[in-house]
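What follows is calculated from the coordinates using simple rules that are stated; it is not laboratory data. The structure displayed is predicted, hence computed values, not measured ones. A quick note on method: Cβ atoms are made from the backbone with ideal geometry, for glycine too, and the neighbour counts reach across all protein chains shown.
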Amino acid sequence: MNIILLGPPGAGKGTQARHLVDGRGMIQLSTGDMLREAKDSGTEMGNMVAGVMARGELVTDEIVIGLIKEKLQGDTGGGFIFDGFPRTLEQADALTRLMDAEGQALDHVIEMRVDDTALVERITARSTCGDCGEVYNDKTAPIPADGKCSHCGHTEFKRRADDNEESLKTRLMAYYKQTSPLIGYYYAKDKLGVVDGLGDIAVVQTSIAKVLDA
Ligand code: ADP
Ligand code: ADP
Ligand code: ZN
């Protein structure tokens, strides 16, 4: 099964993707993670996108489509979870073409709805494990009291450079202007399932499972 998790920054896409990886053996394809890796390892592409990402603007379609294309040609595991991709109609069309070429299809697009005030609160309190990328939140999903990642035991955690209110405003605007048209696009393709992303992490997980297992 191949799915897209669609939602604004902070909606909980990464958190839920990790549950699906653990629970169903799916493969998480996060273009945000791929771009951050390129940036951290200082590749030419990484250096090129660093400023754009820090400001909260979208990286060019060409770059992210290239990243996804590479991954689709690899192991398909228990199916793909597209997390943070596609973000434009151009990317959505490219994904359809790439999947067709691999004899693959999209099963569900899950729109995670969370209101803007909650997004700001979530993002400014977000951190991730420096080793495995497990997602934490100062308020709603704190790092264990012993200071060790519950997933891998690592003891260093990172905050994202773009997780500040200023960049978040640009990211939200990019979501509403460039990404939200995908909701109608996938509704028209009969792929859209909507979940309330405001509940507890476990409740959202159950809502997503209901869509996938329907
Ligand atoms: P979030 O988890 O907050 O939604 P991501 O980690 O998905 O953010 O993305 C971080 C940044 O990486 C984005 O603000 C954007 O600059 C860039 N990016 C990630 N995915 C894409 C994409 N599909 N298209 C364009 N830019 C992207
Ligand atoms: P996205 O990948 O959509 O940007 P994340 O999964 O990184 O979102 O979640 C953003 C922040 O909100 C993280 O700090 C995460 O721990 C927290 N979070 C995720 N889901 C929930 C939820 N259902 N309720 C409360 N906090 C959540
Ligand atoms: Zn970890």
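A compact table of results
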{"quantity": "Filter result (under 21 Å from Lys169 (Cα atoms) and out of contact with any Lys or Arg (no Cβ under 9 Å at 6 or more places or on another chain)) within the stretch 121-157", "calculated": "Thr124"}
{"quantity": "Residue list for the stretch 116-159, restricted to those being within 11 Å of ligand 3 (Cβ to nearest atom), under 20 Å from the mean Cα position of the chain (by Cα) and among the acidic types (Asp, Glu)", "calculated": "Asp131, Glu134"}
{"quantity": "Filter pass, Gly51 being within 13 Å of ligand 2 (Cβ to nearest atom), under 15 Å from Arg171 (Cα atoms) and part of a helix (DSSP H, G or I)", "calculated": "no"}
{"quantity": "Considering residues of the stretch 161-214 that are assigned to a loop (DSSP other than H, G, I, E, B) and among the polar types (S, T, N, Q) only, the residue farthest from Gly23 (Cα to Cα)", "calculated": "Asn164"}
{"quantity": "Matching residues in the stretch 16-42 - criterion: being more than 14 Å from Arg160 (Cβ to Cβ), within 15 Å of ligand 1 (Cβ to nearest atom) and either of a type in the set (Val, Ile, Thr) or touching a residue at least 60 places away in the same chain (Cβ under 8 Å) (or both)", "calculated": "Gln16, Ala17, Arg18, Thr31"}
{"quantity": "Options Ala92, Ala118: the member that is among the hydrophobic types (A, V, I, L, M, F, W, C), buried (at least 18 other Cβ atoms within 10 Å of the Cβ) and part of a helix (DSSP H, G or I)", "calculated": "Ala92"}
{"quantity": "Residue check, Lys169 under 18 Å from the mean Cα position of the chain (by Cα), away from ligand 2 (no atom under 12 Å from the Cβ), exposed (fewer than 13 other Cβ atoms within 10 Å of the Cβ) and not β-branched (Val, Ile, Thr)", "calculated": "no"}
{"quantity": "Hey, Cys152 more than 10 Å from ligand 2 (Cβ to nearest atom), surrounded by fewer than 16 Cβ atoms within 10 Å (Cβ to Cβ) and at negative phi or not", "calculated": "yes"}
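Residue by residue, here is whether (1) on the phi < 0 side of the Ramachandran plot; (2) outside any loop (DSSP other than H, G, I, E, B); (3) in contact (Cβ under 8 Å) with a residue 60 or more places away in the chain; (4) not aliphatic (A, V, I, L, M) holds:
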| residue | (1), (2), (3), (4) |
| --- | --- |
| Glu57 | yes, no, yes, yes |
| Glu62 | yes, yes, no, yes |
| Arg97 | yes, yes, no, yes |
| Asp100 | yes, yes, no, yes |
| Arg122 | yes, yes, yes, yes |
